[in-house]
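Notes to accompany the following structure.
The values are calculated or read from the model by the stated rules, or taken from the named source; none is laboratory data. Values in this document were obtained by computation on a predicted structure and should not be read as measured data. A quick note on method: Cβ atoms are made from the backbone with ideal geometry, for glycine too, and the neighbour counts reach across all protein chains shown.
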Amino acid sequence: MVFLSRQVYGRLHRLRKMHEGITHPDRTNKKNFIFRMTWHFYGRRRNCYTIAIRAAQKMLQRASKNRHQKKINMKALWVQRITAALQEHQFEYTPFMSVLSEADVQLNRKVLHDICIYEPRTFQSLVEFAKQRYNEMGLYDAVAPVPPGIMTRSMFEKGEKIKAKREIKRQKLGQKILK
Amino acid sequence: MAHNRVVQWSTMSRIWWLYDAKYQCPFRSARIIAGYLQGQHKPIYHALSDVGDHVVVINSRHIAMREELWRTFTFSYHTGYAKGFSRTPAWRLHSMEPTMMIEKAVYSNMPGFLLRRKYMRRLHIYPDEEVPPEIIGNVCDQIQQIQKVPKRLDEYTAEEIQAFPKLFDWSEEYVIENISADKPKDTVKAAKK
Amino acid sequence: MAAPLLRHLSRTNVIARRTVLAFSKHNNDMQCRYLRNSKSLPPYLKEQVERRTKVGPEPKRHPSAFGCWNYDAELFAFGKRLGEDFDVDILREAFISRSYIEMEIEERKKVGVKTQIPDTSCNEELSIEGKQLIQKYLKAYLRFNFPYMFEEGICAICEYLMTTEILASVGKLIGVRDLIQSKHYPPTDEEMVDTFMAVVAAVAKSQTEERAGAFVVDFLVPRLVGKDINEMWKLDNPMGLLSAVLQSRGMASPESRLLWQTGCSSIMSLYHVGIYSDKELIGRSPGETLTIAEKQAAKEALKNLMKSDDSRPPFLSSSKVPLKSLDLEKKNPSADLLLKLYSQSDTSAQRATK
Amino acid sequence: MSSRSLPATRLINVGQNGVGRYVCQLARITLRFCKHQASSRGMRDFVENYLVDFARSNPNVVVYVKPHRHRGASIQADYLNGNSHKTRVSKMDMDDICKWIELARTRSGVDIVRKTKNFQTHSPSIQGVWHPFLFKDPSVNLKTFPDSEYGRFEVNEVTATERILQLAERMKQLELEKGEGKSEKDGESV
């Protein structure tokens, strides 16, 4: 292999290729576009185009799917951590968040989970506030599971309403039949 | 930064919990114990970073199961060869190895990835209250039980039994054996011997 | 998109990167675009890489080597960059290093010119002056910021800020690198440090010493952000010092108490130790053994007493420190002296009991 | 594209610049253009209209203007950390060139790479990081384990046995009251 400069070598090479009848320089560009994405793959998925393009497409599919999934996972983690931090103060996640939103405390889950790790005293005071407010609101009775055999006024009223609706329907049906 | 080093040591440390399994449901207890082993009770929890604690379970021999589960709940296993299937009822497994029920319940309550074996190594189960001093010395807190421990009939004194209100009377024709309060104690002693 | 990706392709070998880039689309020499798939390309690239490794990487060149360079303009911009009014002659002197003068003398000898360059024209004197200024104002600032801290602690922080690494990086940040007249390019760290110190002296000479003090505070103190200033002072016996401090303040001697422990027989043992004086918690710390935890707790208590704990307010900016009215000679209490007094009082107390 | 493919870094403030005194990191800027070509038109306009103002308002930047015959226009920005960035601005109008120069002026000169996070702190915790003993009741320290009282399940409701005992107690009381009433009545009758 004798050549004096890169330019001369390239020119010779091109001439040789043209002589062979291969005149598709764009093909290389197309392949390079894929190979740039697969440089870190293992085995033939990295260098063989037919395999690499399938791997690259799969990778891109997964990437776009997981961009959404990542947010879901992070949210689950934050909720888990906040729940764990609340467990230390004998409180629960749902009432805590509902009180915060009711009181216009605009801290999202991400910030709350940061606080509960790095500024635990701040978090403690937030929980104490939430507990106090929750008792004032009297929400606990409404949210707590109803023990069996107990009928509250609201449940009764609901039942009455349904009964009344049924009655109206029946009457309408009766009128239709009479007609 | 030496001080930050010890602060980090403290944050990431594993503390030791004790759980008394006496008269507790193994399946419901396992769910709680598995949470502690994985560190789900800590605000620094992450599924892939191993931040779980140690749990020492005592009195695993004295667990309780509801209804007919001792008889009907079975553990099955297949060797992979022909006729290799075996099925063991819970009572049989428990009589052979009194720590196995809790262990299996906790194992099945954890996500099936490679950290599970590591978590299980931090679970120390003892059939009775006797725990080696080097283990019990590590413990610094106790997990609350999940159900009330009932008071057995032989734990009541004769006076208490006498003072208990009589709810109804057997009819005179009704034949009952061993109704006296002293009898069950004797039978238990005999069984132990 | 192409550039970073290609760079990453051969991150391990810079030279290979260059050869690959040579074949990229933007290169003017590029005659054919499908060389990549040629069978004869790899041996060619290999040969190129081998030759390049033999030659070695290109030496870094001063910007003046590329044609655009006006030293006076650069000096002017340097002053403006820092917001200071410099005397140009002093500033010019501050940038001449020893090695440059030696090189000049040698070159003149070679050529045969007999004119001599005065030794005083390099920045050595200025740098010595600047070093004293830096130490003086830095310590005064730290004493003002931490009035309860021991003198040893303040000296340790000052020593940390005066290390070659810190001063050289500050010099780089304000842009002395290209302006230094030196034998080498890029100049050595020592030359950068000397020049930075000389620049401080130049500020003092062209304006006032307070101005130089503010300059020092503005550029050196931000280097403490994110650093544990209490760890710079290596304390061997914090408990001894703590008891001495408490005695001097008229408080009861420290008592250490175990607050929490877990996993004592495992290698992951954890102890929390608190230090009390008059039944009041003055410091607590975790540790993997009892001795470590106690030592750290004593350090924590000292931190609280010196008011340099983690929840302290941020550093004051130079505009909020009255540099003009600061007493530069006044020192904070010395820990060594306190310990000496404490040991003397101890021995006297023992004698009294005997 | 997967995140491993590209290099990434934390958010960096070079040398805490701006905490004490801000130092503009752009050291010198070199404007290259052709005096005749149409592609350098925007650059020529910039030099005519804005360059003096730029140099006056930024005395800390050294400006070099370099005509190149028959070459495309470009801006080369040299930073204090030794990096230099070249931008090709041929065929751009004056406004675009202004923007590119403004970008060069406000940059720190560090290579642009992907950031892992958009925020960073040197002192993450003021109150001290959470640890397992932070909110634990100190009375736990005095206990010897296993402590059957401490680990007991707390029942909020009344159990069946307790309820029977309560009922029995109440019945006893009622009987007593009845008995007293009877005796009182007896006394009255007597």
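When region B:63-98 is examined, which residues are found to be in contact (Cβ under 8 Å) with a residue 40 or more places away in the chain and crowded, with 16+ Cβ neighbours inside 10 Å?
Within region B:63-98, B:Ile63, B:Met65 qualify.
Residues that are modelled with pLDDT of 75 or more, surrounded by 10 or more Cβ atoms within 10 Å (Cβ to Cβ), out of contact with any helix residue (DSSP H, G or I) (no Cβ under 7 Å at 6 or more places or on another chain) and closer than 30 Å to B:Asp141 by Cα: does region A:160-175 have at least one? No, because not a single residue in region A:160-175 is modelled with pLDDT of 75 or more, surrounded by 10 or more Cβ atoms within 10 Å (Cβ to Cβ), out of contact with any helix residue (DSSP H, G or I) (no Cβ under 7 Å at 6 or more places or on another chain) and closer than 30 Å to B:Asp141 by Cα. For region C:44-85, taking the residues that are more than 21 Å from D:Ser84 (Cβ to Cβ) and assigned to a loop (DSSP other than H, G, I, E, B), the one that is farthest from the chain's Cα centre (by Cα) is identified as C:Gly56. Of the residues making up region C:187-202, those that are in a helix (DSSP H, G or I) and not hydrophobic (A, V, I, L, M, F, W, C) are C:Asp189, C:Glu190, C:Glu191, C:Asp194, C:Thr195. Considering region D:125-176 alone, what residues qualify as being in a helix (DSSP H, G or I), within 30 Å of B:Ile44 (Cβ to Cβ) and among the polar types (S, T, N, Q)? Scanning region D:125-176 gives D:Ser139, D:Asn141.
Does region B:32-43 include one or more residues that are touching a residue at least 40 places away in the same chain (Cβ under 8 Å), within 14 Å of chain C (Cβ to nearest Cβ), closer than 24 Å to A:Gln124 by Cα and among the aromatic types (Phe, Trp, Tyr)? Checked region B:32-43: at least one residue is touching a residue at least 40 places away in the same chain (Cβ under 8 Å), within 14 Å of chain C (Cβ to nearest Cβ), closer than 24 Å to A:Gln124 by Cα and among the aromatic types (Phe, Trp, Tyr).
In this structure, is C:Val245 of a type in the set (A, V, I, L, M, F, W, C), over 23 Å from C:Arg143 (Cα atoms) and outside any loop (DSSP other than H, G, I, E, B)? So C:Val245 does not fit the description; no. Of the residues making up region B:134-168, those that are more than 24 Å from B:His54 (Cβ to Cβ), out of contact with any helix residue (DSSP H, G or I) (no Cβ under 7 Å at 6 or more places or on another chain) and not in a loop (DSSP other than H, G, I, E, B) number 7. One residue is enough: does region C:140-159 have a residue meeting the conditions β-branched (Val, Ile, Thr) and under 22 Å from D:Gln16 (Cα atoms)? Looking for residues that are β-branched (Val, Ile, Thr) and under 22 Å from D:Gln16 (Cα atoms), one finds at least one in region C:140-159, hence yes. Each residue in region B:68-89 was checked for being in a loop (DSSP other than H, G, I, E, B) and closer than 17 Å to B:Ala105 by Cβ, and 1 of them qualify. Summed over region D:49-89, residues that are assigned to a loop (DSSP other than H, G, I, E, B), within 12 Å of chain C (Cβ to nearest Cβ) and β-branched (Val, Ile, Thr) total 1.
Say whether the condition of being within 14 Å of chain B (Cβ to nearest Cβ) and either more than 17 Å from C:Ile154 (Cα to Cα) or modelled with pLDDT of 90 or more (or both) is met by at least one residue in region C:317-340. The answer is no, given that none of the residues of region C:317-340 is within 14 Å of chain B (Cβ to nearest Cβ) and either more than 17 Å from C:Ile154 (Cα to Cα) or modelled with pLDDT of 90 or more (or both).
Scanning region A:85-111 for residues that are within 14 Å of chain B (Cβ to nearest Cβ) and either in contact (Cβ under 8 Å) with a residue 12 or more places away in the chain or among the polar types (S, T, N, Q) (or both) turns up A:Ala85, A:Leu86, A:Gln87, A:His89, A:Gln90, A:Phe91, A:Tyr93, A:Phe96, A:Arg109, A:Lys110.
When region B:79-101 is filtered for residues that are among the β-branched types (Val, Ile, Thr) and either under 18 Å from B:Ser29 (Cα atoms) or under 18 Å from the mean Cα position of the chain (by Cα) (or both), only B:Thr99 remains. B:Val56 falls short of the stated requirement of being touching a strand residue (DSSP E or B) at 6+ places or on another chain (Cβ under 7 Å), within 14 Å of chain C (Cβ to nearest Cβ) and at pLDDT below 95. Just to check your reading of the model, which residue among C:Thr115, C:Thr120, C:Thr12 is among the β-branched types (Val, Ile, Thr), out of contact with any Cys (no Cβ under 6 Å at 6 or more places or on another chain) and modelled with pLDDT of 70 or more? It is C:Thr115. Answer yes or no as to whether C:Leu302 is away from chain D (no Cβ under 12 Å), assigned to a loop (DSSP other than H, G, I, E, B), surrounded by 20 or more Cβ atoms within 10 Å (Cβ to Cβ) and aliphatic (A, V, I, L, M). So C:Leu302 does not fit the description; no. On inspection, C:Asp194 passes the criterion of being over 30 Å from C:Leu302 (Cβ atoms), among the charged types (D, E, K, R) and away from chain D (no Cβ under 14 Å).
Screening B:Trp9 with (1) in contact with an Asp or Glu (Cβ under 9 Å, 6 or more places away or on another chain); (2) more than 14 Å from chain C (Cβ to nearest Cβ); (3) farther than 20 Å from B:Pro132 by Cα gives one miss only, at (2). Looking only at residues that are away from chain C (no Cβ under 14 Å) and among the charged types (D, E, K, R) in region D:98-111, which one is farthest from D:Arg41 (Cα to Cα)? If we take residues in region D:98-111 being away from chain C (no Cβ under 14 Å) and among the charged types (D, E, K, R), then D:Arg107 is farthest from D:Arg41 (Cα to Cα). Look at C:Val88 and say whether it is more than 26 Å from D:Ser57 (Cα to Cα) and hydrophobic (A, V, I, L, M, F, W, C). The answer is no for C:Val88. The residue list D:Asp95, D:Asp137 contains one member that is within 12 Å of chain C (Cβ to nearest Cβ), surrounded by fewer than 13 Cβ atoms within 10 Å (Cβ to Cβ), at pLDDT 90 or above and farther than 26 Å from D:Tyr22 by Cα, which is D:Asp137. When region A:56-102 is filtered for residues that are over 30 Å from A:Tyr42 (Cα atoms), aliphatic (A, V, I, L, M) and surrounded by 13 or more Cβ atoms within 10 Å (Cβ to Cβ), the ones remaining, listed by number, are A:Leu77, A:Val79, A:Ile82, A:Ala84, A:Ala85, A:Leu86, A:Met97, A:Val99, A:Leu100.
If you go through region B:44-53, how many residues are surrounded by fewer than 23 Cβ atoms within 10 Å (Cβ to Cβ) and either within 21 Å of A:Phe123 (Cβ to Cβ) or away from chain A (no Cβ under 12 Å) (or both)? Residues meeting the conditions: 6.
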